[in-house]
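Student: Please read through the structure below; I'll follow up with questions.
FYI, it's all coordinate maths here, none of it is from the lab. Given the structure is predicted, the values throughout are model-derived calculations rather than measurements. Note that we place each Cβ from the backbone using ideal geometry, even for glycine, and neighbour counts take in every protein chain shown.
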């Protein structure tokens, strides 16, 4: 029992005695674990966020006028307000398709607004079922009343950032600018959406029929979401190809978008995992060097202790426990820093991406943390083997005469 107690006292005493070397070991492990956890957590978080973004769309196909929505950004940057609109009759034709379960007509209409700092307000007209299909939630207020005839109710629903920018809350007045007459029509804020991390956060939402009436756009739409009624991939592809052949339309398959994003993420995962293994090997090499330094610095003392009766197994076990303590402490520090710096790491990594989905982009799951801890423990044990092999060479006091 006394020997077992000394197995803990001895490593702790060595760590205290070699403070600089022990500190380097802990710092190396903490840095490597932080980087590995952040990179692998980023892959997990990005895949999860992309999946949620695609699932939030709620429909299988998006049919838009040719050039829209890509034209919208360019036109807004140049100060323009005109968009291309879908030809009449597309929605009724889609509703007549047997494989179509529901359609969600939409109208995006940018309006020059001299009363705002940006000089532009982006309106979005939506139809019944859109709110539930997109799985949205309200931060405050209420959604429009829905019926077979459309949405009804006064006021506008603001995206999260639109409400924050204009400091508007439910019940506050809201001015709708009319470009033709250069006047404002007063309405009220009916509701404010929760943050989505998408373009929707900056939009002002109205029923599509009201938006069409207010801005003289009757019968005009910029897109329609299509939800299929359990059709297989071949049926969806046939419907997509049929409408995509029309020169005025373009059809975007959301499943294709998800598939392309996941393929890109699989490639990114391979690169990140390779980088993680390189970091792990570098940490193991540095840890091995520091372990050798500790061993060499106390080599004579260990020889003497062994010669007067200290068994080999005790020396080997103490060295392994010492490494395990340092690696465990470094791993804990690294994981703690990775968890605490998660939001900042998400923002930094997202700034280098062409597309950053909503949500936390660094997701540290329990299996990931357990895997990193297991690899770190393996590194601790492996880095102990070379010093132990060196200690195993001596068996008597003869090496003391030769200077070690």
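Student: If each residue's Cβ is checked for other Cβ atoms within 10 Å, how do 263, 124, 227 rank with the fewest at the top?
Tutor: 263, 227, 124
Student: Here's another thing I want to ask about it. Within a 10 angstrom radius of the beta carbon, how do 177, 46 rank from fewest other beta carbons to most?
Tutor: Arranged by neighbour count, lowest to highest, 177, 46 become 177, 46.
Student: What's the extension gain from residue 324 to residue 84 if we count 0.36 nm per residue and subtract their Cα-Cα distance? Spell out each step's value before the answer.
Tutor: Numbers: separation 240, 0.36 × 240 = 86.40 nm, distance 6.53 nm.
Residue separation times 0.36 nm, minus the Cα-Cα distance, leaves 79.9 nm.
Student: At 0.890 mPa s and 25 °C, plugging the Kirkwood radius over alpha-carbon pairs of region 67-246 into Stokes-Einstein gives what diffusion coefficient in µm²/s?
Tutor: Estimated via Stokes-Einstein, D reaches 141 µm²/s.
Student: As a test of the definition: which semi-axes, in Å, follow for region 141-292 when you take the square root of five times each eigenvalue of its alpha carbon gyration tensor? Largest first, please.
Tutor: 46, 28, 14
Student: Which of 168, 195, 218 has the fewest other C-beta atoms within 10 Å, and how do the rest follow up to the most?
Tutor: Sorted ascending by nearby Cβ count, the order is 218, 195, 168.
Student: A follow-up question, please. Beyond 20 Å, what percent of the Cα pairs of region 121-179 remain?
Tutor: That tail contains 28 percent of the Cα-Cα pairs.
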